[in-house]
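Notes follow once the structure below has been shown.
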Amino acid sequence: MEDISSLNPTVKQVIDQGYSVASVSERLGVTSSSLYNWIKSYGPDSEEHKQSREQSDRIKQLEKELKRVTMERDILKEATVFFAGESKKNTRS
């Protein structure tokens, strides 16, 4: 199931809480058609949420890549210190 924490509260009643479109629309005094349109616009399959998921996936990918690059940088720093020390040993002899 989608993370629907950012959904419109009216849409949540149908998607998250399981109320029927008819009961929610009647209770709120809106047409079922309007509520279906809101679900289409703000529900988990809306374009807005698809973009949000894509951005979230991209952020996860970039965080993973950053972790890898940071580790590579740290290894190169350690290697530089090691080889600098070895170079100094060889020049003293």
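Could you check, for the stretch 75-85, whether at least one of its residues is among the acidic types (Asp, Glu), without any contact (Cβ under 8 Å) to a residue 24 or more places away in the chain and over 29 Å from residue 28 (Cα atoms)?
Kept after step one, since they are among the acidic types (Asp, Glu), are these residues of the stretch 75-85: 78.
From what is left, the residues that are without any contact (Cβ under 8 Å) to a residue 24 or more places away in the chain are 78.
Now drop any that are not over 29 Å from residue 28 (Cα atoms), which leaves 78.
Yes, because at least one residue in the stretch 75-85 is among the acidic types (Asp, Glu), without any contact (Cβ under 8 Å) to a residue 24 or more places away in the chain and over 29 Å from residue 28 (Cα atoms).
Over 30 Å from residue 13 (Cβ atoms), open to solvent by less than 80 Å² (accessible area, probe 1.4 Å) and out of contact with any strand residue (DSSP E or B) (no Cβ under 8 Å at 6 or more places or on another chain): which single residue out of 41, 87 fits that description? On inspection, the qualifying residue turns out to be 87.
Determine if the stretch 17-40 includes at least one residue that is among the acidic types (Asp, Glu) and assigned to a helix (DSSP H, G or I). Walk me through how you get there before you give the answer.
Residues of the stretch 17-40 that are among the acidic types (Asp, Glu), as a first pass: 26.
When the remaining residues are screened for being assigned to a helix (DSSP H, G or I), the result is 26.
Yes: one or more hits.
Scanning the stretch 23-36 finds no residues that are loosely packed, with under 10 Cβ neighbours inside 10 Å and either touching a Lys or Arg at 6+ places or on another chain (Cβ under 6 Å) or modelled with pLDDT under 80 (or both).
Of all the numbered requirements in (1) part of a helix (DSSP H, G or I); (2) within 30 Å of residue 24 (Cα to Cα); (3) not hydrophobic (A, V, I, L, M, F, W, C), residue 67 misses one, and that requirement is (2).
Considering each residue of the stretch 54-72, count those that are at pLDDT below 95 and not charged (D, E, K, R), and give that number. Break it down into steps so the answer makes sense when it comes.
Of all residues in the stretch 54-72, those at pLDDT below 95 come to 54-57.
Narrowing the set further to residues that are not charged (D, E, K, R) leaves 55-56.
Count: 2.
Counting the residues of the stretch 10-22 that are surrounded by 17 or more Cβ atoms within 10 Å (Cβ to Cβ) and free of Cβ contacts under 8 Å to residues at least 12 places away in the same chain gives 2.
Number of residues in the stretch 47-84 that are charged (D, E, K, R), surrounded by 10 or more Cβ atoms within 10 Å (Cβ to Cβ) and closer than 30 Å to residue 37 by Cα: the value is 6.
The values are calculated or read from the model by the stated rules, or taken from the named source; none is laboratory data. Here the structure is a predicted model, which means the values were calculated and not measured. As a convention, Cβ positions derive from the backbone with ideal geometry for all residues, glycine included, and neighbour counts pool all protein chains shown. Accessible surface areas use protein heavy atoms only, side chains included; no ligands, DNA or RNA. Shrake-Rupley method; radii C 1.70, N 1.55, O 1.52, S 1.80 Å.
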